[in-house]
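Read the structure below first, then the notes.
The values are calculated or read from the model by the stated rules, or taken from the named source; none is laboratory data. Note that the structure is predicted; figures quoted are calculated from it, not measured. Cβ coordinates were reconstructed from backbone atoms using ideal geometry, including for glycine residues, and neighbour counts include every protein chain displayed.
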Amino acid sequence: MTLPETSVATRRNRRRASSALASVLRFAVTVVTTVFGLLLVTFFIGRVVPIDPVLAIVGDRAPAHVVERVRLELGLHLPLYEQFYIYVKQALSGDFGTSVLTTNPVLEDIKRVFPATIELATIGTLLGAFIGVPLGVLAAVKRGSIADQVVRVIGLIGYSVPIFWLGLLSLVLFYAQLRWAAYPGRVDIVYEYSFTPVTNFYLLDAAMQGQWDVVWDLFRHIALPGSLLGYFSLAYISRMTRSFMLNELSQEYIVAARAKGLSEARIIWFHALRNAAVPLVTVIALSYANLLEGSVLTETIFSWPGLGLYITNSLQNADMNAVLGGTLIIGSVFVGINIFSDLLYRTLDPRTRNR
């Protein structure tokens, strides 16, 4: 290699390194800014709600000197910027305070209830993806047909019908009338102490311990709320799949593939869907994040002991430490999944790496 060629290669490598470093710095700034904004919002929510955290701890009839002592211990007499500094420092160390309702550290409560929410959201996302993607492909391939209209109506209902109404209706039909579903809750009281929760993912724990009768009971309890969340995930995923597939099926490489005599099934499933899968991965990841943060009503209706029900009960009992801790965890998970989906999109699609 000559000297000019070496110089050109060196400059090219430097530009690539600078571009990669700038991308990493932008990513780091985005993460830090998002987390800071999340902390700021949750802090001010805790300060503007008409609930006195001191009275929530000591009660309305506590003597004035007790109220004042607790207020000093909580640091509520300090200026807001000092309170925010203490709040950020404690939150980043995992200290969300003690729950008034359970008297346990909020982080311990979250570790206990969040796996139930993850189980429910995972079941819903899997159902939504495995059913929604084929339906979206069918709607795109059969554009304008009865099948396309049916899929679009299914998606429209999923977007339009309130989840609490559909949840109550499903309970009346499948539990009260048909007796197909188990009663609300996570596990029958008969099986509640027949296995040892290790990870608090009950399905995993019961399966690892060989308690297959417990696994079946857990499945009966999660089937109805999981299917309900799966339907709403399906509505979103099928709609986006249809949109992505319509875009891919109009591309020139599809025309070229047909001209080569490839079968329609191969063109659809191995060419068009493969290219549509790149943005579709992001859609499924965002759907999962939405189910993690938006299952509050579902958990309340089905008495599912997850993070959503935990936050609801805490809010009803003025337990602001638990409310803010749970909100911060959900927000952090949502941000994390968004970042992960963005990185995955950049990995799968080289065209976006330099943006």
(message) I'm trying to understand the selection: among the residues of region 301-317, which are in contact (Cβ under 8 Å) with a residue 24 or more places away in the chain and either buried (at least 18 other Cβ atoms within 10 Å of the Cβ) or closer than 22 Å to residue 183 by Cα (or both)?
(response) 301, 302, 303, 304, 305, 306, 307, 308, 309, 310, 313, 314
(request) Please verify whether region 179-187 includes one or more residues that are within 22 Å of the chain's Cα centre (by Cα), small (Gly, Ala, Ser) and not in a helix (DSSP H, G or I). (result) yes
(message) Suppose we filter 88, 113 for residues that are within 19 Å of residue 317 (Cα to Cα) and surrounded by 15 or more Cβ atoms within 10 Å (Cβ to Cβ); which single one remains?
(response) 113
(message) Anything in region 144-182 that is modelled with pLDDT under 90 and charged (D, E, K, R)? List them, or say none.
(response) 179
(request) Would you tally the residues in region 91-107 being under 20 Å from residue 317 (Cβ atoms) and surrounded by 15 or more Cβ atoms within 10 Å (Cβ to Cβ)? (result) 10
(message) From the list 84, 96, 43, exactly one residue is more than 20 Å from the chain's Cα centre (by Cα) and not in a helix (DSSP H, G or I). Which is it?
(response) 96
(request) Please determine, by comparing only the residues of region 209-244 that are polar (S, T, N, Q) and within 21 Å of the chain's Cα centre (by Cα), which one is nearest to residue 303 (Cα to Cα). (result) 227
(request) Within region 247-265, identify whether any single residue is without any contact (Cβ under 8 Å) to a residue 60 or more places away in the chain and under 26 Å from residue 158 (Cα atoms), and answer yes or no. (result) yes
(request) Pull up region 318-338, narrow it to residues that are crowded, with 24+ Cβ neighbours inside 10 Å and not hydrophobic (A, V, I, L, M, F, W, C), then point me to the one that is modelled with the lowest pLDDT. (result) 319
(request) Would you mention how many residues in region 252-289 are out of contact with any Phe, Trp or Tyr (no Cβ under 8 Å at 6 or more places or on another chain), of a type in the set (S, T, N, Q) and part of a helix (DSSP H, G or I)? (result) 1
